[in-house]
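Read through the structure below, which is laid out as structure tokens, and then see the notes.
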Amino acid sequence: MDRLRLSSRVIFAAVIGLMTLILTACPQERSVAQIQRDPARYANKEVGIRGTVVSSWGALGTGMYEVDDGTGRIWVMSQNYGVPGKGARIGVAGTIVPTLSFGGRSFATVLRETRRRHGD
């Protein structure tokens, strides 16, 4: 009986530990509308978005692309991840930069890409 309780506690602790690890490793998914409504709230924090690439430009793995998630559009700055083509469905995580100038252009709120999941 004591072995059963001990085993149950060990399993429970392992499950809690695993869930904590999984939840802290994943950025909070937000809609573009949420981010655009209050960019200061998400400034320098990692968030995730999903959507369709509607515009892109870049060279040698660096550039910008615009993602539309159905609630709005946001520019994503990509360094070392490549720039997906127009029409690509993607999930991307990154940190929010309230104002960014890149390549001689000014962008209001930008997601600086830290990792990407292709497809949805």
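Show me 66-74, 40-48 ranked by packing, highest mean number of other Cβ atoms within 10 Å first.
Numbers: 66-74: 18.1, 40-48: 14.3.
Result, highest mean Cβ count within 10 Å first: 66-74, 40-48.
Between the stretch 32-53 and the stretch 77-100, what is the C-alpha centre distance in whole Å?
12 Å
So how exposed is E29, as accessible area in Å² (1.4 Å probe, rounded to 10)?
100 Å²
With a Förster radius of 35 Å, plug the Cβ-Cβ distance of D38 and A59 into 1/(1 + (r/R0)^6) and report the FRET value to the nearest 0.05.
With R0 = 35 Å, the Cβ-Cβ based efficiency is 0.60.
The values are calculated or read from the model by the stated rules, or taken from the named source; none is laboratory data. It should be emphasised that the depicted structure is a prediction, and the values quoted were computed from it without experimental measurement. Counting neighbours? That spans all protein chains shown, and the Cβs are built from the backbone with ideal geometry, glycine included. Only protein heavy atoms, including side chains, enter the accessible area calculation; ligands, DNA and RNA are left aside. Shrake-Rupley method; radii C 1.70, N 1.55, O 1.52, S 1.80 Å.
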